[in-house]
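One structure is given here, and the rest of the page talks about it.
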Amino acid sequence: MSQLIEVKVPDIGDYHDVPVIDICVIVGDVVKVDDALVTLESDKATMDVPSSAAGVVKEIRVALGEKISEGAVVVVLEASEAAVAAIPVAAPAAVAAASAADAPVAAAPVAVVPAPAAAPPTAPAVPVAVSPPVAGLAPGARTHASPSVRLLARELGVDLNRVAASGPKGRILKEDITAYVKGVLTAPPAAAAAPSLGGGLDLLPWPKVDFAKFGAVEVKPLARIKKISAQNLARNWVMIPAVTYHEDADITDLEAFRVAINRENEKSGVKITMLAFLIKACTLALKKFPEFNSSLDGDNLVLKQYFHVAFAADTPNGLVVPVIRNADQKSVSQLAVESGELATKARDGKLTPGEMSGACFTISSVGGIGGTSFSPIINAPEVAILGVSRSVMKPVWNGREFAPRLTLPMSLTADHRVIDGALATRFNVYLAQLLADMRRVLL
């Protein structure tokens, strides 16, 4: 006996009205549990909506470009013993390969951007004809491909509408993707058009260089996290009129206090970090200067009444930015524990989209590595970001003599459309005062 099941969008964090960029199935397809049905893409993440049941696709309730949220019905499945029995059973090796290919998408949904063009081959290549699009496949039409094939296409930046299908019933195979990419790379280069960024900047085309003719080279694919952040960083750098303001904070007493507290709490395992003190101080500065806790929305300035602070976490694959929510309501010890847990999840690649969204202000610290100052790039739609470098002992005049003081270099980058130089300097000075004497936090 058959049963109709509505498959809905699961919990996707704080994302709402997320556009559908790909439909992975067509009516009549037999799907298994966790097979990708549609792909959603927000400004920060791309995620597949998996099937919560096995069965035959009877109806598709969404369209390409449609914006949907948690709870929206994606497809209607007919679940029956016959439908489940019709699902092909792959060989163990094939199942393992498919699972390995699909696992990264299910474990940590991330935004996918087109991969950059590969470096030209060192040896002359034999021209290969570019495969034409599937006959009758108009732009935006639904393609027939497995989740693992769609994952490969997204990683390579391939539009499936342009790939000729060689599989049964017009299904696109991995071999079709490979053949298409090979054809594109060996085809004669087309005349490059000047890219238009945001306001229509008249930029020269990116230079194409055969680096191998100058010496030995090694070509490595760019890490996925770096590909994700590349477009955002380029947009923010070009579109935001940012200015960086520098200030030194005297943290001599704070560092001595931190070391003493950690020594007392050595048995408990809770380690207080300088980042925790920075987050706490920043929340007070955001309250005192609300313009820093805002975002531009057209001609309006959105002043936020919550205080979610993000921090840049270094991982083997690049920087990610987890967010501590309601940081103003948490103690320094709680901030230290939560930031440590989020940093661990970041290194393990287990952060969820919800744990990387909603930030009001970001802290980027390179102090554990070195450096004296830098200009961090604002993470839009935020209007400011604080960069922190390695603390250093400096001789400071106290009115009678030069005394050694531990100073922390701070680099505050602010959006000049919202924050002028005087306001940014006041923010920096107040933040330095808090770090010099954390008793001010109690006032």
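Data table
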read-out	value
Residue pairs meeting the criteria (Cβ under 6 Å; at least 6 apart or on separate chains; first in the same structural domain as Gly55 (by TED's automatic domain parsing), in region 14-32; second surrounded by 14 or more Cβ atoms within 10 Å (Cβ to Cβ) and among the hydroxyl-bearing types (Ser, Thr, Tyr))	Asp14/Ser357; Tyr15/Ser42; Val18/Ser42; Ile21/Thr39; Asp22/Thr39; Val31/Ser51
Those strands (runs of 3 or more DSSP E) lying entirely in region 369-443 with at least 3 residues within 25 Å of the chain's Cα centre (by Cα)	384-388, 402-415
Residue selected from region 336-368 under the condition surrounded by fewer than 16 Cβ atoms within 10 Å (Cβ to Cβ) and without any contact (Cβ under 8 Å) to a residue 40 or more places away in the chain, by the criterion farthest from the chain's Cα centre (by Cα)	Gly368
Failed item in (1) in the same structural domain as Ser389 (by TED's automatic domain parsing); (2) at pLDDT 90 or above, with Arg235 passing the rest	(2)
Selection count where residues are of a type outside the set (A, V, I, L, M, F, W, C) and in contact (Cβ under 8 Å) with a residue 60 or more places away in the chain, scope region 369-386	6
Pairs, first free of Cβ contacts under 8 Å to residues at least 12 places away in the same chain and closer than 14 Å to Leu423 by Cα in region 282-297, second buried (at least 23 other Cβ atoms within 10 Å of the Cβ) and of a type in the set (D, E, K, R), C-beta under 7 Å, six or more apart	none
Filter pass, Val25 being buried (at least 20 other Cβ atoms within 10 Å of the Cβ), assigned to a loop (DSSP other than H, G, I, E, B) and of a type in the set (Val, Ile, Thr)	yes
Every pair of residues 6+ apart whose Cβ atoms lie under 8 Å, when the first sits in region 416-436 and is more than 21 Å from Val238 (Cβ to Cβ) while the second is assigned to a loop (DSSP other than H, G, I, E, B)	Leu423/Phe289; Arg426/Phe289; Phe427/Phe289; Phe427/Ile419; Tyr430/Phe289; Leu435/Ile251; Ala436/Ile251
Conditions (1) touching a residue at least 60 places away in the same chain (Cβ under 8 Å); (2) of a type in the set (Val, Ile, Thr); (3) buried (at least 20 other Cβ atoms within 10 Å of the Cβ); number of the one not met by Val49	(1)
So Gly358, is it in a loop (DSSP other than H, G, I, E, B) and under 21 Å from Leu286 (Cβ atoms)	yes
Residue, nearest to Asn379 (Cα to Cα), within region 280-313, restricted to residues that are surrounded by fewer than 15 Cβ atoms within 10 Å (Cβ to Cβ) and acidic (Asp, Glu)	Asp297
Condition met for Phe307 (touching an Asp or Glu at 6+ places or on another chain (Cβ under 9 Å) and of a type in the set (Phe, Trp, Tyr))	yes
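The values are calculated or read from the model by the stated rules, or taken from the named source; none is laboratory data. All values derive from a computational prediction rather than experimental measurement. Positions of Cβ are backbone-derived with ideal geometry, glycine not excepted, and every protein chain shown enters the neighbour counts.
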